[in-house]
Amino acid sequence: MNLIFATQNSHKLSEIQHLLGNSFQLTSLKDLGFTDDIPENQTTLEGNALEKARFIFSKFNQSCFADDTGLEVEALNGDPGVYSARYSGLLSDFGSEKMRSLANIQKLLVALENQPNKNARFRTVIAFITNTGNEFLFEGIVNGQIVKELKGDEGFGYDPVFVPDGYNQTFAEMSLSEKNKISHRARAFNCFHDFLSLNNTF
Ligand code: IMP
C-alpha cells in the first residue's frame with residue numbers, strides 16, 4: 001500500500017517507515033517534488049494533523065496522513081500542548097534544534113518550579129485521509145512526570161526531563177528502540193498500522 005506522509009522532515013519519514021513496516025510504502029513530499037511549507041495554524045493537535053493531511057490531499061488526491069505531537073502538562077492546563085515546538089517563543093529558523101529544545105525545557109522548569117504536581121503526557125495524533133476522502137484520527141499517549149534536572153543525551157525535544165510512568169529513566173536516557181516500545185508516537189502508529197492492516201483497500 002502506498003501512502004503519502006505529509007511531512008518535510010526526512011528523519012521523521014524514516015522513523016515512521018520503520019514503525020509501519022515494509023507492507024506500507026511511504027511517499028515523501030520530496031519524492032513528489034513538493035517543497036512548500038505545510039500550513040499548521042490550528043489550536044489543537046487534531047486540528048493541525050487534519051489541516052496538514054487535508055492540504056496535501058487537496059494537492060495530490062491520494063491516501064495521505066499527517067501527525068502532530070505535544071507535551072501536555074497537567075498543572076499548566078495542558079500547555080505547552082500544540083505549541084510544544086515553539087513554547088519558549090524562539091522561531092523554528094532561529095538557532096539549532098537543540099538550542100530551541102533547551103530554551104523550551106528551561107521555560108517549562110520555571111513554570112513548574114513551585115508546583116508539586118509534575119504529571120505530564122506526550123500525545124500524538126495522526127490524521128489519515130483515504131483516497132476517497134474519508135477521514136480517520138488515531139491517538140497515542142504516554143503518561144509520566146517532569147523531573148527538575150535534565151538527564152540523558154538521547155532523543156530530542158523534552159526527552160531529558162520526561163520520565164514515563166513505570167520507569168526511573170528519562171526518555172533521553174533510553175535507546176531509541178527502548179523508547180519506541182512505549183512512546184506516544186509508537187502507540188499512535190501501532191493503532192494506525194493495525195487499522196491499515198485490517199482495511200487494506202485504500
Ligand atoms: P512534532 O509534531 O512531532 O513535530 O512535535 C512537536 C514538538 O513536540 C517537538 O518539536 C518537540 O518539542 C515535542 N516532541 C514531540 N515528540 C517528542 C518526543 O518524542 N520527545 C520529546 N519531545 C517531543
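The values are calculated or read from the model by the stated rules, or taken from the named source; none is laboratory data. Given the structure is predicted, the values throughout are model-derived calculations rather than measurements. Counting neighbours? That spans all protein chains shown, and the Cβs are built from the backbone with ideal geometry, glycine included.
Hey, can you tell me all the residues within segment 161-189 that are within 19 Å of Ser14 (Cβ to Cβ), within 11 Å of the ligand (Cβ to nearest atom) and not hydrophobic (A, V, I, L, M, F, W, C)?
Once the filter is applied, which keeps residues that are within 19 Å of Ser14 (Cβ to Cβ), within 11 Å of the ligand (Cβ to nearest atom) and not hydrophobic (A, V, I, L, M, F, W, C), segment 161-189 yields Lys179, Asn180, Ser183, His184, Arg185.
Of the residues Lys52, Lys98, Lys59, which single one is under 29 Å from Leu150 (Cβ atoms), of a type in the set (Lys, Arg) and either in a helix (DSSP H, G or I) or away from the ligand (no atom under 13 Å from the Cβ) (or both)?
Lys98
Checking Leu137 against (1) under 30 Å from Asn2 (Cβ atoms); (2) at pLDDT below 95, which single condition isn't satisfied?
(2)
Just for segment 134-172: of the residues that are part of a loop (DSSP other than H, G, I, E, B) and in contact with a strand residue (DSSP E or B) (Cβ under 6 Å, 6 or more places away or on another chain), which one is nearest to Met99 (Cα to Cα)?
Restricting to residues being part of a loop (DSSP other than H, G, I, E, B) and in contact with a strand residue (DSSP E or B) (Cβ under 6 Å, 6 or more places away or on another chain), the top hit is Tyr158.
Inside segment 62-95, can you point out the residues that are in a strand (DSSP E or B), touching a residue at least 60 places away in the same chain (Cβ under 8 Å) and more than 8 Å from the ligand (Cβ to nearest atom)?
Once the filter is applied, which keeps residues that are in a strand (DSSP E or B), touching a residue at least 60 places away in the same chain (Cβ under 8 Å) and more than 8 Å from the ligand (Cβ to nearest atom), segment 62-95 yields Cys64, Phe65, Ala66, Val73.
Just name the residue that is farthest from Asn41 (Cα to Cα) out of those in segment 82-100 that are surrounded by 18 or more Cβ atoms within 10 Å (Cβ to Cβ) and not polar (S, T, N, Q).
Across segment 82-100, the extreme among qualifying residues is Arg100.
Among the residues of segment 101-130, what is the count of those that are exposed (fewer than 12 other Cβ atoms within 10 Å of the Cβ) and either modelled with pLDDT of 95 or more or part of a strand (DSSP E or B) (or both)?
The qualifying residues number 3.
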